[in-house]
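Undergrad: Attaching a single structure in structure tokens format; questions to follow.
The values are calculated or read from the model by the stated rules, or taken from the named source; none is laboratory data. All values reported here derive from a predicted model rather than from experimental measurement. A quick note on method: Cβ atoms are made from the backbone with ideal geometry, for glycine too, and the neighbour counts reach across all protein chains shown. Just so you know, the surface numbers come from the protein's heavy atoms only, side chains and all, with ligands and any DNA or RNA stripped out. Shrake-Rupley method; radii C 1.70, N 1.55, O 1.52, S 1.80 Å.
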Amino acid sequence: MTKDSTMKRITINDVATEAHVSIKTVSNVINNAGSMRPETRKRVQDAIERLGYTVNYSARSLKTGTTNIIGLALMAFEQPWTSMYAGEIIKSARKRGYSVVIDTYGDDGLSSIIDETYCVNADGWIYYADRPLLKHGRLLQQRYPVVLTGESLSYGLVDSVTMPNRQPVDEITTAFIRQGVQCIGLIGAPDDLVKERRLNEVLDLKEGTRVLRTQGYYQAFADAGLPVNTDVVVEGGRWDVNWGVWGAKHLLDVPAFRDASTRAVICLNDALALGALHAFKEYGWRVPDDVQISGFDDIEEGRHSDPALTTVNSQLNRYADYAVDMLIERIGGDTGPTRAISTDYVIEHRGSTTFAQ
């Protein structure tokens with residue numbers, strides 16, 4: 001190959017000529033579409049690699065009006081779950097021929113980055129909202145397709161994907177109650193409800209991950225005809241490992257918990273649970289003999305902690321698939337009624353608890 005030819009951009013026509021196939025066949029290979037003999041597909045792939053062909057996304061965007069890029073807007077990567085969720089979205093999008101661009105927000109919430117989404121040439125966006133949306137979800141009404149994930153109301157404006165939050169915490173709390181655990185603490189409740197002593201209002205609220213998971217705890221006690229000791233319901237702060245440590249130390253200062261004959265702690269995510277696990281062990285308490293601990297999210301670190309963490313697996317891969325599929329359908333022109341989908345869950349019983357499966 002001459003020097004001049006190396007300067008020339010390789011086109012889809014060049015690949016078709018090299019592989020002795022039609023341009024349509026090359027296009028099908030690039031987009032993982034169509035049906036053909038395996039040897040034909042391999043011949044095209046070999047030609048692409050040999051020539052160094054790359055897709056001209058700018059040209060394709062001008063021709064089709066799409067970029068095959070979707071955006072993901074979510075909170076900053078301060079919790080292990082966030083990166084796990086982003087990874088599942090990327091994996092799901094890639095299988096469908098899409099790339100993902102990510103924008104993160106901080107304490108100001110999702111609304112603070114909406115303007116930035118228009119600086120990226122994405123075909124549509126998946127939003128993860130970490131708090132209720134103001135003005136009846138007005139920010140969901142954008143010029144591009146949107147799918148909402150998280151536990152905030154979508155007000156029927158866009159497709160949404162949620163996961164079970166109340167039910168699994170209810171199930172775990174009920175298991176501890178039936179086991180006869182004398183004191184069951186909770187770490188991760190909504191900060192404002194704890195600080196303002198308004199936890200009695202929690203069952204009346206409609207949205208928010210912390211709210212819904214706390215509701216599960218309260219509902220289990222209500223169904224058992226037992227009162228909740230609010231002294232052992234602890235706020236979650238930033239829902240990270242440090243807050244889990246703080247929450248465990250707080251419970252150690254509460255006589256009802258410290259002096260109980262049997263104890264358990266329900267943590268509303270795995271980061272809190274891992275922090276609590278560390279704190280209790282630091283104070284010489286054995287898990288699960290002196291205190292049982294459960295989490296939520298099934299992050300990788302929890303599977304390898306000592307002991308391994310009992311937790312809620314909310315089928316995050318399906319969660320991501322639902323969001324990506326609905327967004328791609330809207331990008332493709334689907335104008336049907338908005339949809340709301342929820343995943344299922346599995347309680348992963350591991351060494352940090354002893355209640356029966």
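Undergrad: Could you please let me know if Tyr127 is within 18 Å of Ala73 (Cβ to Cβ), surrounded by 22 or more Cβ atoms within 10 Å (Cβ to Cβ) and among the hydroxyl-bearing types (Ser, Thr, Tyr)? Working first, answer last.
TA: Working: within 18 Å of Ala73 (Cβ to Cβ): yes; surrounded by 22 or more Cβ atoms within 10 Å (Cβ to Cβ): yes; among the hydroxyl-bearing types (Ser, Thr, Tyr): yes.
For Tyr127, the condition - within 18 Å of Ala73 (Cβ to Cβ), surrounded by 22 or more Cβ atoms within 10 Å (Cβ to Cβ) and among the hydroxyl-bearing types (Ser, Thr, Tyr) - is met.
Undergrad: Ile172 - would you say it is under 14 Å from Ile266 (Cα atoms), hydrophobic (A, V, I, L, M, F, W, C) and open to solvent by less than 10 Å² (accessible area, probe 1.4 Å)?
TA: Values: under 14 Å from Ile266 (Cα atoms): yes; hydrophobic (A, V, I, L, M, F, W, C): yes; open to solvent by less than 10 Å² (accessible area, probe 1.4 Å): yes.
Judged against the criteria, Ile172 is a match.
Conditions tested, residue by residue: (1) among the hydrophobic types (A, V, I, L, M, F, W, C); (2) closer than 30 Å to Tyr118 by Cβ; (3) at pLDDT below 85.
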{"site": "Thr6", "(1), (2), (3)": "no, no, yes"}
{"site": "Asp14", "(1), (2), (3)": "no, no, no"}
{"site": "Ala19", "(1), (2), (3)": "yes, no, no"}
{"site": "Arg37", "(1), (2), (3)": "no, no, no"}
{"site": "Asn56", "(1), (2), (3)": "no, yes, yes"}
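Residues checked against (1) aliphatic (A, V, I, L, M); (2) out of contact with any Phe, Trp or Tyr (no Cβ under 8 Å at 6 or more places or on another chain); (3) without any contact (Cβ under 8 Å) to a residue 12 or more places away in the chain:
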position	(1), (2), (3)
Trp239	no, yes, no
Ala248	yes, no, no
Asn269	no, no, no
Gly275	no, no, no
Pro288	no, yes, no
Ile293	yes, no, no
Ser314	no, no, no
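Undergrad: Quickly run through the stretch 10-38 and pick out the residues that are surrounded by 14 or more Cβ atoms within 10 Å (Cβ to Cβ), in contact with a Lys or Arg (Cβ under 8 Å, 6 or more places away or on another chain) and not in a helix (DSSP H, G or I).
TA: Val21, the sole residue that qualifies.
Undergrad: Being open to solvent by 10 Å² or more (accessible area, probe 1.4 Å), among the aliphatic types (A, V, I, L, M), part of a loop (DSSP other than H, G, I, E, B) and modelled with pLDDT of 95 or more, is that true of even one residue in the stretch 183-198?
TA: no
Undergrad: Scan (1) over 21 Å from Glu171 (Cα atoms); (2) charged (D, E, K, R); (3) under 15 Å from the mean Cα position of the chain (by Cα) for the single condition Asp297 breaks and write down its number.
TA: (1)
Undergrad: Also: Sort out for me the helices (runs of 4 or more DSSP H) sitting completely within the stretch 212-306 that have 1 or more residues that are at pLDDT 95 or above, crowded, with 24+ Cβ neighbours inside 10 Å and in contact with a His (Cβ under 8 Å, 6 or more places away or on another chain). Can you show your working first?
TA: On the way: elements: 241-252, 255-258, 270-282, 300-303.
Output list reads 241-252.
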